[in-house]
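Structure, as structure tokens:
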Amino acid sequence: MLATEDYPLGEILSSSSSSTGTRDSDCGNGADLETTTSSSGYESDSDLVALKISILGDCQIGKTTFVIKYVGDEEEKRSLQMKGLNLMDKTFHIKGARIAFRIWDVGGDRRSLDQVPIACKDAVAILYMFDLTSRCTLNNVVGWYEEARKWNQTAIPILIGTKFDDFVQLPPDIQWTIITQARAYARAMKATLFFSSATHNINVNKIFKFIMAKLFNLPWTPQRNLTIGEPIIDF
């Protein structure tokens, strides 16, 4: 089991860069829950309840791949793309209601910062993502968090480390360092932490199931996992 000390948010913010400028050179834009899913393609529907989820993080960390793994390839073809923003949705039925997760995937470069206000406003959850194999992308989460909080202070915060399949190939001491830092950040943000892999579909659906359970007060919580070599879940 891992242990980490508490890091005050102010200390983290003061010791990390709050800038969300350009990070990479080439940016591309327990109990089961009773749900069924379908793709709705953004059509207007009077009986559909749309819930907005925003995704923030640096370039080339796997945000869009993560979303496509969840919504499916067909929905990706119907996605709405704008400058610095990619919109996809997934519709499901729960407790007799039709619910759509409208997912706003914000680009990770400086030009995309203008999209953060509209992406975060009225979001029910904000996913802060970083590449587990690139510590600088974890450091930059602080800047994304600061920017998002300007526009939304009530959304469910979730911190997600991507590319877990590559992360487990790193030396154990490096894994330990990143795990410790990620847990400290999540605690300061009052966020649930998930390590994931879109390639191997690790914790992708579970993250959205967690959001559903939180929003609709469903009797389901993920199992905490702090074992090195396994996908971390901490809350």
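What follows draws every value from the coordinates through simple rules; no lab data is involved. Not measured: the values here are computed from a predicted model. Quick reminder, even Gly has a Cβ in these numbers, built from the backbone with ideal geometry, and neighbours come from all protein chains shown.
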For the pair Glu146 and Leu215, the simple spin-label estimate (label points 7 Å beyond Cα toward Cβ) gives in nm 3.0 nm
Descending packing, highest mean Cβ count within 10 Å first, for 197-205, 224-232 is 197-205, 224-232
Expected sort for 213-219, 48-54 on mean C-beta neighbours within 10 Å, highest first, is 48-54, 213-219
PRE zone check, label point 7 Å out along Cα-to-Cβ of Thr154, amide N under 15 Å, scope segment 202-235, hits 215-216
Residues whose built amide H sits under 5 Å from the amide H of Leu51, excluding neighbours closer than 5 in sequence, are Ala100, Phe101, Arg102
Segment 35-234, Kirkwood Rh and Cα Rg, ratio Rg/Rh at 0.95
Under the Karplus relation with 6.51, -1.76 and 1.60 and θ = phi - 60°, whole-Hz ³J(HN,Hα) for segment 166-179, x at Gly and Pro, equal 7, 4, 5, 8, 6, x, x, 5, 5, 4, 4, 4, 5, 4
